[in-house]
Structure formats: structure tokens, C-alpha cells
Amino acid sequence: MDESARRRPVASVPFEPSDAPAAPTAEELMARVAKGDERAFELLYDQLAGPIFGLVRRIVRDAAQSEEVAQEVLVELWRTATRYAPEKGSALNWAMTLAHRRAVDRVRSARASTEREQKATFEAARGRPFDEVAESVTARLERSQVRKCLSFLTDLQRESVLLAYYQGYTYREVAEVLSTPQGTIKTRLRDGLIRLRDCLGVTA
């Protein structure tokens, strides 16, 4: 055989797709997981872990806590797979609903556990007069009265007070949400609550 023939490329063989089955859908995997199939759960984990973590991360914000919540959701999928009903929606939507619920619960729990700490932070920032106003507003007055008097605040004061006292934001978070210096937020909160005190007739 001459040298040129040896160097001639071998003719390529046309590729023919194999008859291998397509990857199972999340719905199919859920049905198998409901029967205790651990391998199916591994595959389901690979499909859903990313979307679940992404949703939780947007709600919880903290990366470490988001990972914990995502793991809790995946464990819940394993434990409650028998409750999944395909006719009510896709497996992904069901998983995301569980993830959203878990993430919101974590946020609420975190806010409740740090409520006292947040209050101490506000008190340190605003001084004694502001503290007296906050205690008066939260402890002595009906919500309907507060709502009425909120209308007498400036728009800037009202949004700061609502974020801090009705949505559970910390002093620093209020500043971040409103893209405003912390010193300005401190002044708005102090002045806003003093106006509430005057409107409601609360004495120190």
C-alpha cells in the first residue's frame, strides 16, 4: 500500500440516532418517587434543585439560609410525593409552590426572632423621645387611629414608618430600600413618629 493511501482519511460513517429512551420528565419521576424509588429522586433532585434554590434565594436573600430552605423543600418532595396530583399542574409548579411557602415561612420566622434586636437598634439610633413615641404608638393606640394619623405625615415620612413598623424592615434595610442615607432615614422616622404622637394626643 503506497504512503498516500495510508494517509487518506477514513470515510466518515453517517451517525444514526440510538433508540435510547428520552430522559424521564419530572412528572414521571414524581410518580416513581411516590413509590419510594431513590434513583428517581436523585434524577428529580438534579432537575429541580436549581430552580428551587433560585426562587428561595430571591425571597430569603441570605445564601446559607437559602441553601437550608432549598434542602428542606427537596426533602419535603421526597416525603410528600404521594400527594402530588399531575392533573393540578406540573411537578415543577408544585415544587415551586412548596419552595415559596417554605421561603416565606423562613423570612417570617427570622423577622420574629430578631424583632427585639431590631427594636434595640432603632432605640439606639433615635434616642429617648423617639423611643417613647414608638412605645406609645405600638402599645396604647388602635390600628385604625394610627392609619388615620398616618395621612398627616409627609409621603417620605409615611413610607419610612410603614416599612419599619408594618413590614418589619430594619433601620439599615429601610435606607437600602429607599436608596437614602441612613441619617436621613433616622430623621424621617423620628419626625414621623413624633407627628403621630401629636396627632394621637399621646403624652410622654
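The values are calculated or read from the model by the stated rules, or taken from the named source; none is laboratory data. A quick note: this is a predicted structure, and the numbers were derived from the prediction, not measured. Please note: Cβ atoms are built from the backbone with ideal geometry, for glycine as well, and neighbour counts cover all protein chains shown. Side chains included, ligands, DNA and RNA excluded: accessible areas come from the protein's heavy atoms. Shrake-Rupley method; radii C 1.70, N 1.55, O 1.52, S 1.80 Å.
Quick one: net charge of ALA103's neighbours, Cβ under 14 Å, K/R +1, D/E -1? Net charge around ALA103: +2. With a 1.4 Å probe rolled over the protein heavy atoms of all chains, the accessible area of ASP37, ASP46 falls in the order ASP46, ASP37, largest first. When VAL104, VAL75, VAL69 are compared by accessible surface with a 1.4 Å probe, the order from highest to lowest is VAL75, VAL104, VAL69.
The calculated FRET efficiency for the pair SER179 and LYS88, based on their C-beta separation and a Förster distance of 30 Å, comes to about 0.15. Across the stretch 52-65, computed HN-Hα scalar couplings (Karplus, 6.51 cos²θ - 1.76 cosθ + 1.60, θ = phi - 60°) run 5, 4, x, 5, 4, 4, 5, 8, 7, 6, 5, 5, 5, 5 Hz from first to last residue, x flagging Gly and Pro.
Of LYS148, LYS186, the order by accessible heavy-atom surface (1.4 Å probe, DNA, RNA and ligands excluded), from most exposed downward, is LYS148, LYS186.
Counting heavy atoms of the protein chains alone, LEU156 has an accessible area of about 80 Å² for a 1.4 Å probe. Take the Cβ atoms of GLU67 and ASP105, set R0 to 22 Å, and the FRET efficiency comes out at 0.90.
Working from label points 7 Å from Cα in the Cα-to-Cβ sense, the THR80 to GLU38 distance is 2.4 nm.
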